[in-house]
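The block underneath contains the structure these notes are about, expressed in structure tokens.
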Amino acid sequence: MSEYSVKNICISNMVDGLRKGLSLFSGPSRAALLYSVAPEDSIRIYDPQDLLRGHEPKLRELYLDSNAWRTGTVAAGNMKRFGHIHPEKNLQLTGLISCGGRSHSISYQMWFTDHHPDMCSVAPTEKWLEYAAWLLSHEFANDCAFYTGTSRYALREYATHAVRDHVMDELNLLLGWDTYFRVFPILDVVLEISKTLEEGAWPHGKLVFVPLTVLSQMHFLVRFPPLEQPGLQNFKHVRKLLVAVEHSERKLVAAGKSIVGIATGELPRCRLTADFKMGYGFLKLGGQSICSFSDGSFHSTTRKPNLVQLEEALLGCQFDSSSTHILFKIVSSIVQKAGEQKHGCTLVIDLNDPPLEIPGQPLEHPIDLQEPSFLELAKSLAKIDGALHIGADLRLYGFACLLDGLAVPGEDRSRGARYNSALRFTARHEHLIVVVVSSDRPVSILQGGVELSTQCEWKTFSECALSPPTLEEWLQE
């Protein structure tokens, strides 16, 4: 097998490993690569699932109409040290995250993936792409003579490392390069505690990790003697101590390898916080969310419902813009509460004037959902079987409403009665939008017998050509 064939296989395997790892971290994701091995080479593209389609004008401007992307190749050519790579930052293309680098073994490379709208932070994903660039440089440095395919597995399982790399970079900026802050053990403890029940209850409360140097800045309610401080490695003991701070403003504080005490009040800027929310939680650095965690793994999601399609559908209706914004906030609030409490619900947004008469439990006088007390009531009524009936005037007309209709082609029996009944109902009635929230958090937006939130099918990975074309050839396809 030729050297170029091995390199092509290496690229294909690494892109596959990257997309699989990112799909576990952020939801279904694609990955693509632009690269040029030698300074004089044309730039090539490996985009097996058309991630970069739609960005052709910008790619032509950056890589064909200009040679600015080659300006770093001289420096890259002088990088004789094995493994040394000069980073290239995010290109800021809409809907994409990108990161790459230049090295002695590969003149230029830029990796891309999807920028999901519900990400806590893009930083861990950027670290993931940086690692992909570093791995590819190493593979090309030895001409892939000893290529074993292990890079794809390293990329697939990189989630915890990506979070750790981002945390360490930020701590180095805050504390200096000689910082002693053991991040990997902290991340392991967070994941273990998140899976540990205490008397049948999931953990709730904040566990704050700080450097030893900032303990004097904190207001402790209680501190444990140095020789009696519980060790972090005993995560079951730490889980028990977390009971002392749940549902309160108190925080359990850890420094070094142990729990120091319980504190309250303002916290130092340099801190890593695990905010447990019963079954899931968020990892925050200096108060800013990095990622969430659940089921023993880290994820990029904010865990907030994705209602982009609802917002677009409302904007497309002949509806007052100020009322549209208020209606969207009302619906978002109800949906988010249902997700937090892990119960399903259905919301019928009725834009007819007057509203339809829907079988169910009507109200003698519709209640104004702009009033906080009535909105809280609506959130509770959403737990009852049946749908909430919300009018264009921002009022609740009924609850426990029954939705019916004739069968439609888009039905999916795997989705259950709530989803399919709503689908039939929207096919039968005009000027309606129905939001269906499943108990396991997915949200569907239905209108006219069609699910607006359905994700389009991507080309399967096996359909992709092994030999990457030049960017110019790709643009002509």
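The values are calculated or read from the model by the stated rules, or taken from the named source; none is laboratory data. Bear in mind that the values here come from a model prediction, so they are computed numbers and not experimental data. Note: ideal-geometry Cβ built from the backbone for every residue, glycine included; neighbour counts use all protein chains shown.
Points worth noting:
- Restricting attention to the stretch 342-401, the residues being free of Cβ contacts under 8 Å to residues at least 24 places away in the same chain and small (Gly, Ala, Ser) number 2.
- Restricting attention to the stretch 90-147, the residues that are of a type in the set (Lys, Arg) and within 18 Å of the chain's Cα centre (by Cα) add up to 1.
- Residues that are closer than 29 Å to Asp295 by Cβ, at pLDDT below 95 and in contact with a helix residue (DSSP H, G or I) (Cβ under 8 Å, 6 or more places away or on another chain) do not occur anywhere in the stretch 136-147.
- Any hit, the stretch 405-412, residues being within 20 Å of Gln341 (Cβ to Cβ), touching a residue at least 40 places away in the same chain (Cβ under 8 Å) and either out of contact with any Phe, Trp or Tyr (no Cβ under 6 Å at 6 or more places or on another chain) or not acidic (Asp, Glu) (or both): no
- Counting only strands (runs of 3 or more DSSP E) wholly contained in the stretch 175-268, the ones carrying 1 or more residues that are buried (at least 17 other Cβ atoms within 10 Å of the Cβ) occupy 204-210, 251-255, 258-264.
- Qualifying residue in the stretch 236-248 (condition: closer than 20 Å to Gly286 by Cβ and touching a residue at least 12 places away in the same chain (Cβ under 8 Å)): yes
- Filter result for Ser29 (assigned by TED's automatic domain parsing to the domain that holds Ala132, of a type in the set (S, T, N, Q) and touching a residue at least 40 places away in the same chain (Cβ under 8 Å)): yes
- Hey, Leu314 of a type in the set (A, V, I, L, M), crowded, with 20+ Cβ neighbours inside 10 Å and either touching a Lys or Arg at 6+ places or on another chain (Cβ under 7 Å) or closer than 19 Å to Gly205 by Cα (or both) or not: no
- Residue satisfying all of: in the stretch 315-350; at pLDDT 90 or above and among the β-branched types (Val, Ile, Thr); farthest from Ala387 (Cα to Cα) among these: Ile326
- Considering residues of the stretch 21-59 that are in contact with a helix residue (DSSP H, G or I) (Cβ under 6 Å, 6 or more places away or on another chain) and surrounded by fewer than 18 Cβ atoms within 10 Å (Cβ to Cβ) only, the residue nearest to Leu93 (Cα to Cα): Glu56
- Of the residues making up the stretch 334-342, at least one is in contact with a strand residue (DSSP E or B) (Cβ under 6 Å, 6 or more places away or on another chain), surrounded by 14 or more Cβ atoms within 10 Å (Cβ to Cβ), over 30 Å from Thr160 (Cβ atoms) and not assigned by TED's automatic domain parsing to the domain that holds Glu126.
- Candidates in the stretch 148-201 are the residues that are within 23 Å of the chain's Cα centre (by Cα) and among the aromatic types (Phe, Trp, Tyr); of these, the one that is farthest from Thr301 (Cα to Cα) is Tyr153.
- So Pro117, is it in contact (Cβ under 8 Å) with a residue 60 or more places away in the chain and part of a loop (DSSP other than H, G, I, E, B): yes
- Residues that are polar (S, T, N, Q) and closer than 30 Å to His431 by Cα within the stretch 266-320 comprise Asn306, Gln309, Gln318, listed in sequence order.
- Residue selected from the stretch 399-422 under the condition on the phi < 0 side of the Ramachandran plot, touching a Gly at 6+ places or on another chain (Cβ under 7 Å) and at pLDDT 90 or above, by the criterion surrounded by the fewest Cβ atoms within 10 Å (Cβ to Cβ): Leu402
- Test result for Glu364, surrounded by fewer than 16 Cβ atoms within 10 Å (Cβ to Cβ) and part of a loop (DSSP other than H, G, I, E, B): no
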